[in-house]
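The values are calculated or read from the model by the stated rules, or taken from the named source; none is laboratory data. A quick note: this is a predicted structure, and the numbers were derived from the prediction, not measured. So basically every Cβ, Gly included, is an ideal-geometry build from the backbone, and we count neighbours across all protein chains shown.
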Amino acid sequence: MHPALESSTPPAGKLTDKAIRRGVFRTVPDLIDAIDAYLAANNTHPEPFIWTATTEQILAKVRRGRVTLDAITN
């Protein structure tokens, strides 16, 4: 396991999403190994994702974001 992950790994050896997000990975295989270990520990009983927003709500949010992005970049 990568040294940066070892210092942020809880005592039980279970990886956290924080360790994945904040870890330092020297190579892509190191990152892949960390993600695989996280999924093995946390995805034993997966459930399907349930959308809570409608398509219209999501697209409206995307449009608002694009307007804001265009305003700050132009």
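Quick check on my filter: what residues within the stretch 53-74 are among the aliphatic types (A, V, I, L, M) and outside any loop (DSSP other than H, G, I, E, B)?
Listed by number, the residues that qualify are Ile58, Leu59, Ala60, Val62, Val67, Leu69, Ala71, Ile72.
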Check your understanding: What number of residues within the stretch 25-52 are in a helix (DSSP H, G or I) and of a type outside the set (S, T, N, Q)?
Key -> 14
Exercise for review: Search the stretch 1-30 for residues that are closer than 18 Å to Ala41 by Cα and hydrophobic (A, V, I, L, M, F, W, C) and pair each with any residue that is at pLDDT below 65 and outside any loop (DSSP other than H, G, I, E, B) when their beta-carbon atoms are under 8 Å apart and the residues are at least 6 apart or on different chains.
Suggested key: Leu15/Leu5; Ala19/Leu5; Ala19/Ser8
Check your understanding: Taking the stretch 27-74 on its own, how many of its residues are surrounded by 10 or more Cβ atoms within 10 Å (Cβ to Cβ) and under 19 Å from Asp17 (Cβ atoms)?
Key -> 13
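For every residue, the table says whether it meets (1) at pLDDT 80 or above; (2) touching a Ser or Thr at 6+ places or on another chain (Cβ under 9 Å).
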{"residue": "Ala4", "(1), (2)": "no, no"}
{"residue": "Leu15", "(1), (2)": "no, yes"}
{"residue": "Arg21", "(1), (2)": "no, no"}
{"residue": "Asn43", "(1), (2)": "yes, no"}
{"residue": "Ala53", "(1), (2)": "yes, no"}
{"residue": "Leu69", "(1), (2)": "yes, no"}
